1. How many residues are more than 14 Å from every other protein chain (Cβ to nearest Cβ) and farther than 21 Å from A:Leu366 by Cβ when one looks only at segment A:166-196?
2. Could you go through segment B:137-154 and let me know if any residue there is under 19 Å from B:Val237 (Cα atoms), among the polar types (S, T, N, Q) and buried (at least 17 other Cβ atoms within 10 Å of the Cβ).
3. Specify which of the listed residues (A:Ile213, A:Ile240, A:Ile199) is buried (at least 24 other Cβ atoms within 10 Å of the Cβ), more than 12 Å from every other protein chain (Cβ to nearest Cβ) and either over 18 Å from the mean Cα position of the chain (by Cα) or in a strand (DSSP E or B) (or both).
4. Within segment A:94-113, how many residues are over 24 Å from A:Asn281 (Cβ atoms) and either polar (S, T, N, Q) or touching a strand residue (DSSP E or B) at 6+ places or on another chain (Cβ under 9 Å) (or both)?
5. Within segment A:251-266, count every residue that is within 9 Å of another protein chain (Cβ to nearest Cβ), assigned to a helix (DSSP H, G or I) and under 17 Å from A:Gly241 (Cβ atoms).
6. Scanning segment B:326-350 for residues that are part of a loop (DSSP other than H, G, I, E, B) and of a type in the set (A, V, I, L, M), which turns out farthest from B:Gly212 (Cα to Cα)?
7. Considering segment A:138-187 alone, what residues qualify as being acidic (Asp, Glu) and touching a helix residue (DSSP H, G or I) at 6+ places or on another chain (Cβ under 7 Å)?
8. Scan segment A:28-39 for residues that are more than 17 Å from A:Ser204 (Cβ to Cβ) and at the interface with chain B (Cβ under 8 Å from one of its Cβ atoms) and jot them down.
Protein chains: 2
Amino acid sequence: MRYSFAERTKAMLSSPIHFMRSLSTRESFISFAEELPAEELFPISSLEAAAAAVISKSPAALQYGEPQGYLPLREWLCKDFKERKGTDVDAGQILLTTGSQQAMDLLARVYVEPGDPVLVEQPTAPGFMQILKMQGASIVPVEGDAEGISPERLQEEVDRLKPKLLLVSPNFTNPTGVLWSLARRREVLDICKTRNVLIVEDNSYGDLHFGGIGAKAFYGGHPSLFSLDDAGKGGQVLHIGSFSKTVVPALRTGWAAGNKKLIETMIMAKQLADWQSSHFNQCLLHYLLESSTFNIHEHIQMLNREYETRLKLMTELLKRPAWKNVRYDVPGGGMFIWVKLPEALDCVALLKCSLDKGAAFLPGTLCYPNGGGSEYIRLNFTHPGRDELLLGMNLIGEAISEFTARS
Amino acid sequence: MRYSFAERTKAMLSSPIHFMRSLSTRESFISFAEELPAEELFPISSLEAAAAAVISKSPAALQYGEPQGYLPLREWLCKDFKERKGTDVDAGQILLTTGSQQAMDLLARVYVEPGDPVLVEQPTAPGFMQILKMQGASIVPVEGDAEGISPERLQEEVDRLKPKLLLVSPNFTNPTGVLWSLARRREVLDICKTRNVLIVEDNSYGDLHFGGIGAKAFYGGHPSLFSLDDAGKGGQVLHIGSFSKTVVPALRTGWAAGNKKLIETMIMAKQLADWQSSHFNQCLLHYLLESSTFNIHEHIQMLNREYETRLKLMTELLKRPAWKNVRYDVPGGGMFIWVKLPEALDCVALLKCSLDKGAAFLPGTLCYPNGGGSEYIRLNFTHPGRDELLLGMNLIGEAISEFTARS
């Protein structure tokens, strides 16, 4: 059998993790490359109780559900949007998906034609870029600064290309960890409004913010583009989120919130993609969120305290001699530190050497759609525990020293 | 905001269920339209025990898993392929998906270009047709008979169009319930082999077979095309299945089994589509399947006895006067009876009338990609209980009588 795959498969790459495995001779290594939450912080006992209650209560939780997703969970999300983010959303404006990745994929399937220019922040996370490539989009990176994507560069590209779509993550941009200023949020929304550019706003990391600031204060100072656009009534913003980082990833429950017309089109795509996500997982999550033994706000505060501690340890380790010529900003939230390597050190060469020693990171090159980024690496600080952090950072430090000693 | 959706969204239709709701003034009705298993037969207590065990055993079950799916569950499937179906499959040849719907969608995304002719059985299930339309395929229906798709018609279309893909379900074709003969299976495989046509074989209904015949005897007499093609070594057949009908739908666990090269390409598409299906659900299913309190073979035998009883009741009801001029074959398995209406009775007109009375079925027109089928309806017999069967068939019978009395 000679297979004749569709042309678009040529744009597909395997995941960064597989890329790394291909570079490594080892079976396992300490990984700062992935986007994993800490499993020792999962709310295990509450989940166990919720699973028992949901299964025994009614077999309906194990039957097919609605393609749009379990209504009580969508209503819970509306309540949470209102209470924590001051955003008025209707349950009809929400589609539950298999993680935020599927929310982005469904949007791309209904909105992006082959050849369409799509603007993304530079650097940007590799996961969503793969989706855009598969749809045949022409990915156009737009540089930014410490306040977010550059409005001048954005305006230029919008005028030049008349793109249909802009993809951003204003709350702790992946990989840089930048938290956009309020002024920048307004500017970007205004530019897109005047030129009919749909914005996909990924808020997968927004709840992970440090410094002991509460959710209301955080979202008050950093309202989402979706909220600034009147929560979908403006229609300019599709807002994407997920329970993967705040509860557990394996329930694979994310969402897209936006204008009803856009959401209804995405529901049709959802039906053909997989008919619906797990109704059981959605019932389980809803039970957990409404349960008296679990308070998600306190749970997130606990996560944030713990992740901030891990971030502090990592930044301490970055002060050690081996790392002396690197540069980075300490992020106020999210899961990553974005590190600029000492001059002339290539991230892929460093990765090979680190993997031989037993430690991995995400090479910056994977975050630059059209080349570049070889001077950067992304380090995850949420998954490794204290000992792994110490050992892994030592191993990468050793690898850096080998290169810098040579030059 | 003016949305400019991708052209392909014009080919999307909402689901048949939504189509029916749009015809109905009622909020609820007895539905013979859907493809639901009976929830009163779900293995509730075994699932509850499995959930508790999986969650308490290790938080790893709640972390991200592998895009290809949980290895022990893939290995269980290989064991089951070997024991019940005599097919030698390797765990690397299996991709776990969000139901069989996603298996088909991923294959279409990596294999079908806009304009590609794709052959399907006529009539065929609406769910998979939507996928093909979204990919821009030109759907070419091929008629069949009581032994399966017609080899003469298939040969003609293969010669005429040189299609890349043929979609079939030899075990209880949805909607007709036809069980292909062994000779027909061999003929179809031979035609596709000589002309490089990839076959997607949907076995979602294969385990639901009646008459008290065991799985080994059933699959011995009706080997899958996949098995006849040396279980993927030939590369000609992608075999699709699901736990939705045999365990529960809400765990959303299906699979694609095929040649490694094809599966590896689909894994890349899976990653970008949703990164992975629920690792928790896969762990839960695996625990259940290996548990001493649950025997899936006995469970399926119980389902088959119960579903056969419901089928018998439905065929008894089809003997009532209101139904006297309909025609149908009693299927040997699956979930549906495919009924030809009395002459000049249009299924959509009948559906409107039935819905007003409070009962629904799938109109045959939805199973004909290029028009036709208005003289057929599909009745599901697995979900409605005894009382619903009696009442619903009465209501549809009344609707038929109103039409036939007029003519």
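The values are calculated or read from the model by the stated rules, or taken from the named source; none is laboratory data. Bear in mind that the values here come from a model prediction, so they are computed numbers and not experimental data. Cβ coordinates were reconstructed from backbone atoms using ideal geometry, including for glycine residues, and neighbour counts include every protein chain displayed.
1. So the answer is 12.
2. There is at least one residue in segment B:137-154 that is under 19 Å from B:Val237 (Cα atoms), among the polar types (S, T, N, Q) and buried (at least 17 other Cβ atoms within 10 Å of the Cβ).
3. Details: A:Ile213 fails: buried (at least 24 other Cβ atoms within 10 Å of the Cβ); A:Ile199 fails: more than 12 Å from every other protein chain (Cβ to nearest Cβ).
Testing whether each residue is buried (at least 24 other Cβ atoms within 10 Å of the Cβ), more than 12 Å from every other protein chain (Cβ to nearest Cβ) and either over 18 Å from the mean Cα position of the chain (by Cα) or in a strand (DSSP E or B) (or both) leaves just A:Ile240.
4. Residues that pass the stated criteria total 2.
5. Looking only at that region, the number is 2.
6. Going residue by residue through segment B:326-350, those that are part of a loop (DSSP other than H, G, I, E, B) are B:326, B:328-332, B:334-335, B:341-346.
Still in the list and also of a type in the set (A, V, I, L, M): B:326, B:330, B:335, B:341, B:344-345.
Values: B:Val326: 28, B:Val330: 16, B:Met335: 16, B:Leu341: 30, B:Ala344: 38, B:Leu345: 36 Å.
Filtering segment B:326-350 for residues that are part of a loop (DSSP other than H, G, I, E, B) and of a type in the set (A, V, I, L, M), the one farthest from B:Gly212 (Cα to Cα) comes out as B:Ala344.
7. Restricting attention to segment A:138-187, the residues satisfying the condition of being acidic (Asp, Glu) are A:143, A:145, A:147, A:152, A:156-157, A:159, A:187.
Result: A:Glu143, A:Glu147, A:Glu187.
8. Passing the criteria: only A:Glu39.
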